[in-house]
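The values are calculated or read from the model by the stated rules, or taken from the named source; none is laboratory data. These numbers were taken from a predicted model, which means no experiment stands behind them. Note that each Cβ is placed from the backbone with ideal geometry, even for glycine, and that neighbours are counted across all protein chains shown. Each accessible area value is taken on the protein alone, full model and side chains, heavy atoms only, with ligands, DNA and RNA left out. Shrake-Rupley method; radii C 1.70, N 1.55, O 1.52, S 1.80 Å.
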Amino acid sequence: MYKRRRALGAYLGALLAAVLLPGIRPIDDNVAWAAFLPGLVFLIVNQLISSYPSSIRTAPPVMLLILGAVGIVQDTLIWLLVSWIGAQMDSGLDVDGFLAALLGGVVVRLTVLTLMALGPQPSPEAEAEAA
């Protein structure tokens with residue numbers, strides 16, 4: 001269930017960043033379609049490099065801060081990658097620079113963590129079976 005929330009959070013975070021932040025704008029006119037590429041890149045990279053706690057509600061605050069900081073750096077680098085891919089494809093989102101990518105990373109990470117905290121949490125038995 002967390003994987004679906006992470007995927008939805010990545011797409012919604014990319015869409016929110018494209019709408020709210022002035023340094024991130026679509027290359028073409030359709031914002032929803034332009035946010036699909038970053039959402040897809042975020043999904044793939046976040047599946048390969050997972051920097052999320054197993055349970056948001058029971059994680060120690062220090063762990064949330066460390067994983068949050070690492071995740072923001074990861075998401076900032078993904079935004080820069082998305083901007084480069086978008087420029088190569090003439091589609092997607094254009095990111096103005098590092099500060100816009102950093103703010104976009106914060107928006108995406110907060111969106112994903114918020115969606116992961118909402119709803120039912122995985123049970124400890126299910127975590128033990130998955131490991």
Check whether at least one residue in the range 3-23 is free of Cβ contacts under 8 Å to residues at least 12 places away in the same chain and basic (Lys, Arg), and report yes or no. yes
Taking into account only those residues within the range 1-16 that are over 20 Å from residue 76 (Cβ atoms) and among the basic types (Lys, Arg), which is most open to solvent (accessible area, probe 1.4 Å)? 4
Identify, by number, the condition in (1) of a type in the set (Val, Ile, Thr); (2) touching a residue at least 60 places away in the same chain (Cβ under 8 Å); (3) open to solvent by 60 Å² or more (accessible area, probe 1.4 Å) that residue 56 doesn't meet. (3)
From the option list 110, 118, single residue qualifying as under 30 Å from residue 30 (Cα atoms) and at pLDDT below 85 is 118
Return the residues of the range 1-56 that are at pLDDT below 80, of a type in the set (Val, Ile, Thr) and over 16 Å from residue 94 (Cα atoms); say none if nothing qualifies. 49, 56
Among the listed residues 41, 73, 19, which satisfies the condition of being closer than 25 Å to residue 96 by Cα and either open to solvent by less than 80 Å² (accessible area, probe 1.4 Å) or in contact with a helix residue (DSSP H, G or I) (Cβ under 6 Å, 6 or more places away or on another chain) (or both)? 41
Can you name the number of the only condition in (1) loosely packed, with under 15 Cβ neighbours inside 10 Å; (2) touching a helix residue (DSSP H, G or I) at 6+ places or on another chain (Cβ under 7 Å) that residue 78 fails? (1)
Has the range 21-33 got any residue that is farther than 18 Å from residue 117 by Cβ, under 16 Å from the mean Cα position of the chain (by Cα) and not in a strand (DSSP E or B)? yes
